[in-house]
Amino acid sequence: MPTHQPASPPAASPPAPPPPSSRLPSLTGLRFLAAALVFVYHSSVSGAFTDVGLQQDFATAAGSAGFVGVSFFFVLSGFVLTWSARPGDGVRGFWRRRLVKVYPNHLVTFLAALALLAWNGGSTGLREGAANLLLLHAWVPRYSYMSSVNAVSWSLSVEALFYLGFPLLYRAVAAIRPRLLWWAAGAAALAVPLVVLLAQGLLADQPRWPWGPASFTQIWFVYLFPLARLPEFVLGMLLARIVATGRWIPLGRWPAALLVAGGYLLSLHAPFLYRFEACTVVPLGLLIAAAAHADAQRRPGVLGGRVMVRLGELSFAFYLVHGLVLEYGHRAFGRPASPFGYGPAWRTPVAVAFLAGALGVAVLLAWVLHTVVERPAMRHLAGPRPPAARSTVPSTPVDRAGGEAPEEGQRLLG
């Protein structure tokens, strides 16, 4: 009796790839690393070590860390705001959400800094304090304004310009033809070193500032002046459109990270005014775009893990509290000030323990600020957003100009 062989089942078709993700978890994780760079920089200039050689080596190695962290956030702001923009979102609604995102944390840390300043027997000028409170202090080329109250808040003054100008800038960037986006991004990147040339050509380099061979006015123009930092924000916007329109180059996150490392090493040896952002702005932009491209393909990697994402969500609050923890943590011990910073200085094991403890305290306070102030403010005061609108384009599954980045679109570091 002949045997009957059942017909072979049809070969299963390969599963369809998942749709691109609108979330950017690895960028959220990167945000904490960038904030940590700022912490390392401020640690290096605080003068924690009595070992002169070690202190100098630490300050040298971390000499550009804070600059890289700040530049990362400026580029990231332009990228994420463009990535998460919605056609139906009105200007007033956008401005309201940005104000509610940034200002409550700023107000709380401003008041905390005033209280700590008074506790330490200090004070701040009325004009400087008012400018800081209103986020106008980065516009004034005086060190007393930049360093007033909670000194790190100067970058919020820069972000305020970005937020005010974003609706108009978005229209301009959205009107650029996709084939011209890389050219526009190159022009934005080129504008960064041109700012340095303007500072050198138009502003006096005397009197020299202790930070390096330049005047404070030149440093202010290159590093603090909000209009001078606008090219970084625009570069981020253009890179968001490049990724959205499928014109991203085959560059992964780790090669981009190596480029950032190379730019950092270059910045340690570059002419002084070029160290702030000119050496690293292009590698940072490439890293942000590469990470977003991987996230869109649902490949977040280690940076998109739960712990890193959670730390990234705390990064804005961490940024605002870390300087206060370092400065007043030093002062609380009541020892003589270090010649390298606001001291005191300790033997190496104690100094390392202090800095590690300051990092832990800053993370804890950031969690409190995020939980008690930032999240409730966004939940109750930001108002509803219009539903996301997505549209496909020929070269990419989803046009991210109409997509949503739920966490990142709401949690930008100022």
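The values are calculated or read from the model by the stated rules, or taken from the named source; none is laboratory data. Please read these numbers as outputs of a predicted model, since none were measured by experiment. Cβ: placed from backbone, ideal geometry, glycine included. Neighbour counts: every protein chain shown.
Restricting the search to segment 246-277, which residues are closer than 20 Å to TRP83 by Cα and in contact with a strand residue (DSSP E or B) (Cβ under 6 Å, 6 or more places away or on another chain)?
If the condition is that a residue be closer than 20 Å to TRP83 by Cα and in contact with a strand residue (DSSP E or B) (Cβ under 6 Å, 6 or more places away or on another chain), then GLY246 is the only one that fits.
Given the residues LEU116, LEU81, which is the only one that is assigned to a helix (DSSP H, G or I), hydrophobic (A, V, I, L, M, F, W, C) and surrounded by fewer than 22 Cβ atoms within 10 Å (Cβ to Cβ)?
Result: LEU116 is the single residue among LEU116, LEU81 that is assigned to a helix (DSSP H, G or I), hydrophobic (A, V, I, L, M, F, W, C) and surrounded by fewer than 22 Cβ atoms within 10 Å (Cβ to Cβ).
Looking at LEU314, LEU303, LEU326, which is the one that is within 17 Å of LEU30 (Cα to Cα), modelled with pLDDT of 85 or more and touching a His at 6+ places or on another chain (Cβ under 7 Å)?
LEU314
Which one of VAL100, VAL108, VAL149 is part of a helix (DSSP H, G or I) and either basic (Lys, Arg) or modelled with pLDDT under 95 (or both)?
One residue alone meets the criteria, VAL100.
Among the numbered criteria (1) out of contact with any helix residue (DSSP H, G or I) (no Cβ under 8 Å at 6 or more places or on another chain); (2) surrounded by fewer than 17 Cβ atoms within 10 Å (Cβ to Cβ); (3) modelled with pLDDT of 90 or more, which one does ALA337 miss?
(3)
Between residues in segment 96-120 that are closer than 18 Å to PHE73 by Cβ and residues that are at pLDDT 95 or above and of a type in the set (Phe, Trp, Tyr), which pairs lie under 7 Å by C-beta distance while being six or more apart or on different chains?
The qualifying pairs are ARG98/TYR163; ASN105/PHE316.
Filter segment 290-310 down to the residues that are in contact (Cβ under 8 Å) with a residue 60 or more places away in the chain and surrounded by 21 or more Cβ atoms within 10 Å (Cβ to Cβ) and list them by number.
Selection gives ALA291, ALA292, ALA294, ASP295, ALA296, PRO300, LEU303, GLY304, MET308, VAL309.
When segment 226-253 is examined, which residues are found to be under 21 Å from ALA294 (Cβ atoms), of a type in the set (A, V, I, L, M, F, W, C) and in contact (Cβ under 8 Å) with a residue 12 or more places away in the chain?
LEU235, MET237, LEU238, LEU239, ALA240, ILE242, VAL243, ALA244, TRP248, LEU251, listed by residue number.
Residues to consider are GLY88, GLY122, GLY93; find the one that is assigned to a helix (DSSP H, G or I) and either closer than 23 Å to LEU156 by Cβ or not acidic (Asp, Glu) (or both).
Every option except GLY93 fails the conditions.
Is there a residue being of a type in the set (A, V, I, L, M), surrounded by 17 or more Cβ atoms within 10 Å (Cβ to Cβ), under 29 Å from LEU169 (Cβ atoms) and modelled with pLDDT of 95 or more anywhere in segment 9-25?
no
When you scan segment 153-170, do you find a residue that is charged (D, E, K, R), touching a residue at least 60 places away in the same chain (Cβ under 8 Å) and assigned to a helix (DSSP H, G or I), even just one?
yes
Just for segment 350-372: of the residues that are surrounded by fewer than 17 Cβ atoms within 10 Å (Cβ to Cβ) and β-branched (Val, Ile, Thr), which one is modelled with the lowest pLDDT?
Only one residue tops the list, namely VAL350.
Between a first residue in segment 254-282 that is surrounded by fewer than 18 Cβ atoms within 10 Å (Cβ to Cβ) and a second residue that is β-branched (Val, Ile, Thr) and at pLDDT below 95, which pairs have beta carbons less than 8 Å apart while being 6 or more apart in sequence or on different chains?
LEU268/THR60
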